[in-house]
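Worksheet: the structure to be examined is printed underneath.
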């Protein structure tokens, strides 16, 4: 089985966040799942602007509700929430993983979390703070999974445009 990273947004409200997450999906090869209702229309200029010119590189599926999403996707699911009892970085992610994120203003439904306590994971934060921005949380979660998988299919080295690393002092390490 090849690696398959799925980023799932339940009822996202802010188009800029979804656009940023779409860009993360495009550069990592992750699939994007959007579960309605959405707080914006997909042709929203802020959504397009945040995703820049990557929209044609996306694999996006839109669902009418959470029930439809679960009926069409096998899991396993990891629920990212400030209410989680487990650190997201201490989990081992299988070759196919669905990272599920809730609304910016409400998170994931507590009924869903209560039904899956072992899969409710949290990004560590200082006490007294509500949460990280959704698009930041999705990016760091996605890259933790990809790190565990040794970044399959991703380039780990970049190139300068005016110089060659190997021609610079200390460039070859």
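Among the residues of region 14-37, some residue qualifies, meaning at least one is in a loop (DSSP other than H, G, I, E, B) and without any contact (Cβ under 8 Å) to a residue 40 or more places away in the chain.
From the list 92, 114, the lone residue that is more than 15 Å from the chain's Cα centre (by Cα), part of a helix (DSSP H, G or I) and farther than 22 Å from residue 21 by Cβ is 114.
Being without any contact (Cβ under 8 Å) to a residue 24 or more places away in the chain, part of a helix (DSSP H, G or I), closer than 27 Å to residue 1 by Cβ and more than 15 Å from the chain's Cα centre (by Cα) is a property that holds for residue 67.
Of all residues in region 135-171, those that are within 30 Å of residue 104 (Cα to Cα) and outside any loop (DSSP other than H, G, I, E, B) total 14. Scanning region 38-60 for residues that are within 17 Å of residue 11 (Cβ to Cβ) and either surrounded by 15 or more Cβ atoms within 10 Å (Cβ to Cβ) or modelled with pLDDT of 95 or more (or both) returns 38, 39, 40, 44, 47. Among the residues of region 72-89, those identified as in contact with a helix residue (DSSP H, G or I) (Cβ under 7 Å, 6 or more places away or on another chain) and either free of Cβ contacts under 8 Å to residues at least 24 places away in the same chain or not in a loop (DSSP other than H, G, I, E, B) (or both) are 77, 78, 79, 80, 88, 89.
The values are calculated or read from the model by the stated rules, or taken from the named source; none is laboratory data. Not measured: the values here are computed from a predicted model. When we count neighbours, we look across all protein chains shown, and the Cβ atoms used for this are built from the backbone with ideal geometry, even at glycine.
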